[in-house]
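Here's the structure, in structure tokens; my notes come after.
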Amino acid sequence: MTEAPGAHGLGPHVVGTRVVVRRLVPGEEGPSGGPAMTDVLGTCLRWGDGECVVQPEDGPAVTIPVALIVAGKPVPPRASVRRRTSAREIEQHGFALWPGLETETLGQWVLRAAPPPADGRRRRRANSVLALGDPGLEPAEALRRVVAFYEARDQPALAMVVAGSAEETTLASQGWSGEGLPTAHAMVAPLARAARAAHDATPEHESEPGVVADDGVRVELRLGDRARGRAALDGDWLGLHDVEVDPGRRRGGLGTAVVAGLLGWGAERGATSAWLHVETDNRGAIALYEGLGFEVHHTYRYLAPT
């Protein structure tokens, strides 16, 4: 049963937004001799069954009986932690996506190589140098070591750089080119809000995706042979990956259903931020994610020696 907002103005409409809730503390006396009260500030995760669940920025979620709420209101969001997070930090959260990922640092750069996947398709992100910052060497020597690293693993050398960055300019000056290679956006969103939006946008008749694999850090969900997706948890960040829908079944809400399932999985494990990569020419996927509250954080491209 849907509960209407109370006299305090809170209700199901505040789920996914930042709120302050003043509640009674049963059995305790306040400074003036009346009932004790306390405030909870955070994101409303759920409103229903006589309870309001609020996730503070620190600590566990707080479940508040609606009957004990004295006052409350939505409050402006804090300056987004996601927007203050560097491209390096976001990309490093992606390391959790690939079990057995081999990494080697070269100054601030990170060389990455993943074991051959079961489907035989090597992912560029898992098999490229994350070229952000100072490698601690002259450019020519740094890139020579990058090439040697991948030659030793029988792989082509590949670099991942932020579009328009000093690193891109440096690699281009050394003869590295992005011709024929994709450009993609890294998009971020507050997880609770995105999860709510995905849940609301999922067709009512659509079943929940089934779990194919779940090791507590990584999960894969499928809707039969129609759609699939993976995600990985790193701290309180959830990275979405490989969200795919059968070409003949697109625009039917299947991708949204998979994303809703992945975000829900992350929320249950304490994730507060979500991120993903989407190629810049995939307009349908970009529109889907923007509709769920994702925003472009940075754009990156791959470069290879010519």
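None of the figures in this text is laboratory data; all of them are computed from the coordinates on show. The model shown is predicted, which means the values in this text are computed figures rather than measured ones. Every residue, glycine among them, receives a Cβ derived from its backbone with ideal geometry; neighbour counts consider all protein chains shown.
Observations
- GNM flexibility winner over the chain from Gly180, Gly42, Gly293 (Cα, springs under 10 Å): Gly180
- Value at 222 nm in deg cm²/dmol, rounded to 500, when DSSP H runs of n ≥ 4 in the chain each add -39,500 (n - 2.57): -6500 deg cm²/dmol
- Amide H contacts under 5 Å for Ala157, placed H, 5+ residues apart: none
- Under 5 Å, built H, 5+ apart or other chain: amide partners of His298: Ala186
- Taking 4 °C and 1.567 mPa s as conditions, segment 12-74 diffuses translationally at an estimated 109 µm²/s according to Stokes-Einstein applied to its Kirkwood radius (Cα pairs).
- Packing order of peptides 146-158, 205-217, highest average first: 146-158, 205-217 (average count of other Cβ atoms within 10 Å over each peptide's residues).
- Prolate/oblate/rounded call for segment 102-182, Cα gyration tensor, a/c under 1.5 rounded: prolate
- A simple charge model with +1 on the Cβ of Lys and Arg, -1 on the Cβ of Asp and Glu and nothing else charged puts the dipole of the chain at about 460 debye relative to its Cα centre.
- Taking the DSSP bridge list for the chain and keeping only pairs wholly inside it, about 95 percent are antiparallel.
- For segment 269-297 versus segment 140-208, the gap between their alpha-carbon centres in whole angstrom: 14 Å
- Between 0 and 90°, nearest 10: helix 254-268 axis offset from the chain longest Cα axis: 70 degrees
- In order along segment 292-299, phi translates into HN-Hα couplings of 9, x, 6, 10, 5, 8, 7, 10 Hz, rounded to whole numbers, per the Karplus curve 6.51 cos²θ - 1.76 cosθ + 1.60 with θ = phi - 60° and x for Gly and Pro.
- Sorted by Cβ density within 10 Å, fewest first, the residues Glu244, Glu204: Glu204, Glu244
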